[in-house]
Amino acid sequence: MNFFKGSEIKFLLIIILIFTFISSVSAHFYVSTQVKRFGNTIPQLKNSYKTLSANINKSKKKISFYSLVIDIQQLLDEFGMNVSNYSTYDLAYTIAKESKQHHIDPYLILAMIKTESSFRIKVVSYKGAVGLMQLLPDTAYYISDKRSDLNLNKRHELFDPVANIRVGINYFAYLKDKFNGNEKYAIMAYNFGPTNLKKYLARNYSLPSFYYNRVMASYKNILKMNNQI
């Protein structure tokens, strides 16, 4: 039994098609509106995300840096570092900051200080090298003149541990550049002298390794003390 005649079915189909069309148009209009609204918002969200990410990265770097400073401070305390005008935190901060600036391992700097002076601030070698990093005054003046942020004028200023560390790290960075980033040569040159080392290299002589081996032994010991190996 047919409930609908042909014309009635056709009419129902038309109504359904019209309803579907109107629904589609309405849906398209709604989606377009939302896309435009979110399209204007997305760049703002992206900028906010970039700012947030940048702030998070800065915070991570700060946390990492100050964690390094504390590690170095603890090592200085373990080595019995004794200073009157500064705290071991001040010295640790200086080592971390200068090393980071010159892309040098701060634990290597600690190893060099251990080898050079055993963390004694007032020590002077028989050759006249002064302080923690055992700098010859003329070498220190030369490095100071090359840097606008260093201002060393008198020999006695090398007994200031912060000044001594800053000049010493800058000198080591200078040697690394002089030997094309070769850290081993830079360590050797720090003790043997860059001119002497260049002569040995040019003449293919056997390189003096005693100082280098001492520094690396201290370096390995420091990493052990800091639970890194």
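Quick one: residue 162 ticks every box in (1) assigned to a helix (DSSP H, G or I); (2) buried (at least 20 other Cβ atoms within 10 Å of the Cβ); (3) hydrophobic (A, V, I, L, M, F, W, C) bar one, so which box is it?
Single failed check for residue 162: (2).
Which of (1) of a type in the set (D, E, K, R); (2) free of Cβ contacts under 8 Å to residues at least 24 places away in the same chain; (3) over 28 Å from residue 181 (Cβ atoms) does residue 90 not meet, given it meets every other one?
Result: residue 90 passes all but (2).
Going by the structure shown, is residue 35 modelled with pLDDT under 90 and either touching a Leu at 6+ places or on another chain (Cβ under 6 Å) or among the aliphatic types (A, V, I, L, M) (or both)?
Against the criterion (modelled with pLDDT under 90 and either touching a Leu at 6+ places or on another chain (Cβ under 6 Å) or among the aliphatic types (A, V, I, L, M) (or both)), residue 35 qualifies.
For a quick check of your reading of the model, give me the residue pairs whose first member lies in region 174-189 and is in contact (Cβ under 8 Å) with a residue 12 or more places away in the chain and on the phi < 0 side of the Ramachandran plot, whose second is aromatic (Phe, Trp, Tyr) and in a helix (DSSP H, G or I), with beta-carbon atoms closer than 7 Å and at least 6 apart or on different chains.
Within 7 Å, the pairs are 175/190; 179/185; 184/212; 186/172; 187/212; 188/211; 188/212.
Would region 83-102 turn up any residue that is assigned to a helix (DSSP H, G or I), in contact with a His (Cβ under 8 Å, 6 or more places away or on another chain) and not polar (S, T, N, Q)?
There is no residue in region 83-102 that is assigned to a helix (DSSP H, G or I), in contact with a His (Cβ under 8 Å, 6 or more places away or on another chain) and not polar (S, T, N, Q).
What about residue 132, is it touching a Phe, Trp or Tyr at 6+ places or on another chain (Cβ under 9 Å) and in a helix (DSSP H, G or I)?
No: the conditions fail for residue 132.
Kindly indicate which of 184, 127, 146 is farther than 30 Å from residue 74 by Cβ, basic (Lys, Arg), under 27 Å from the mean Cα position of the chain (by Cα) and surrounded by fewer than 14 Cβ atoms within 10 Å (Cβ to Cβ).
Step by step, each of 184, 127, 146 is checked, and only 146 is farther than 30 Å from residue 74 by Cβ, basic (Lys, Arg), under 27 Å from the mean Cα position of the chain (by Cα) and surrounded by fewer than 14 Cβ atoms within 10 Å (Cβ to Cβ).
Exactly one of these conditions fails for residue 229: (1) β-branched (Val, Ile, Thr); (2) over 25 Å from residue 76 (Cα atoms); (3) not in a helix (DSSP H, G or I). Give me its number.
In the conditions (1) β-branched (Val, Ile, Thr); (2) over 25 Å from residue 76 (Cα atoms); (3) not in a helix (DSSP H, G or I), residue 229 misses (2) alone.
Only one of these is over 22 Å from residue 126 (Cβ atoms), in contact (Cβ under 8 Å) with a residue 12 or more places away in the chain and of a type in the set (Phe, Trp, Tyr): 205, 219. Name it.
219
Looking at the structure I just gave you, is residue 136 under 23 Å from residue 195 (Cβ atoms) and at pLDDT below 95?
So residue 136 fails the test.
The values are calculated or read from the model by the stated rules, or taken from the named source; none is laboratory data. Given the structure is predicted, the values throughout are model-derived calculations rather than measurements. With ideal geometry, Cβ positions are generated from the backbone for all residues, glycine too; neighbour counts draw on all protein chains shown.
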